[in-house]
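Student: Please find one structure pasted underneath; my questions will follow.
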Amino acid sequence: MGLNELFKMQKELDSKIEEQHGLVNMDLVDRKILALLVELGELANETRCFKFWSVKPASEQSVVLEEYVDGVHFLLSIGLTLGYTSDIPREVGTRTESLNEQFLILYDLVSMFRVEKQEEPFHVLFATYMELGEMLGFSWDEVEAAYMEKNLVNHKRQQQGY
């Protein structure tokens, strides 16, 4: 499976959400961008990479992966909304030496993308997020599997009136 299949799965979920919540034809890009920023913060919190004052370790890898995949959902959703579903070139991503710096760069990229909403900055953002996943120790196969699992959870949530 590849990114194109994940885009298809996300499109199905997005369509269901938009229909059930009366959001068809509404501009949800800024809400999705804010959701991505929130998910990025939740992920940083689980890694604890910035908590220099604490000796408590990061959350278990399964928890970190689930938070990471939440960000993947919103990146896919934003890409779908704006029609940026072509293959993302990996070489455009940024990778730093530290998780803390990687998160800060991602916050900057999300903010810049919000202003521009162009395909190239989206590709850079997406590829840089993928670099974060690798820095966290996740293989693409793990990300795909976790995405599919969380996608099922999200569909069930919609059926249950989440």
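Student: Take Tyr129 and tell me if it is surrounded by fewer than 20 Cβ atoms within 10 Å (Cβ to Cβ) and under 16 Å from the mean Cα position of the chain (by Cα).
Tutor: Spelling it out, it is not the case that Tyr129 is surrounded by fewer than 20 Cβ atoms within 10 Å (Cβ to Cβ) and under 16 Å from the mean Cα position of the chain (by Cα).
Student: Kindly provide the set of residues from the stretch 110-126 that are touching a Pro at 6+ places or on another chain (Cβ under 7 Å) and open to solvent by less than 30 Å² (accessible area, probe 1.4 Å), ordered by number.
Tutor: Phe113, His123
Student: Being assigned to a helix (DSSP H, G or I) and open to solvent by 20 Å² or more (accessible area, probe 1.4 Å) narrows it down to one of Lys56, Lys8, Lys51, so name that one.
Tutor: Sole residue among the options that is assigned to a helix (DSSP H, G or I) and open to solvent by 20 Å² or more (accessible area, probe 1.4 Å): Lys8.
Student: Give the number of residues within the stretch 24-36 that are in a loop (DSSP other than H, G, I, E, B) and open to solvent by less than 30 Å² (accessible area, probe 1.4 Å).
Tutor: Summing the residues that are in a loop (DSSP other than H, G, I, E, B) and open to solvent by less than 30 Å² (accessible area, probe 1.4 Å) in the stretch 24-36 gives 1.
Student: If you scan the stretch 80-109, which residues turn out to be in a helix (DSSP H, G or I), open to solvent by 40 Å² or more (accessible area, probe 1.4 Å), closer than 15 Å to Met130 by Cα and modelled with pLDDT of 90 or more?
Tutor: Leu99, Glu101, Leu104, Tyr107
The values are calculated or read from the model by the stated rules, or taken from the named source; none is laboratory data. What you see is a predicted model; the values in this text were computed from it and never measured. Using ideal geometry, Cβ is built from the backbone for each residue, glycine included, and neighbour counts are taken over all protein chains shown. Note: accessible area is taken over every heavy atom of the protein model, side chains too, but ligands, DNA and RNA are not part of it. Shrake-Rupley method; radii C 1.70, N 1.55, O 1.52, S 1.80 Å.
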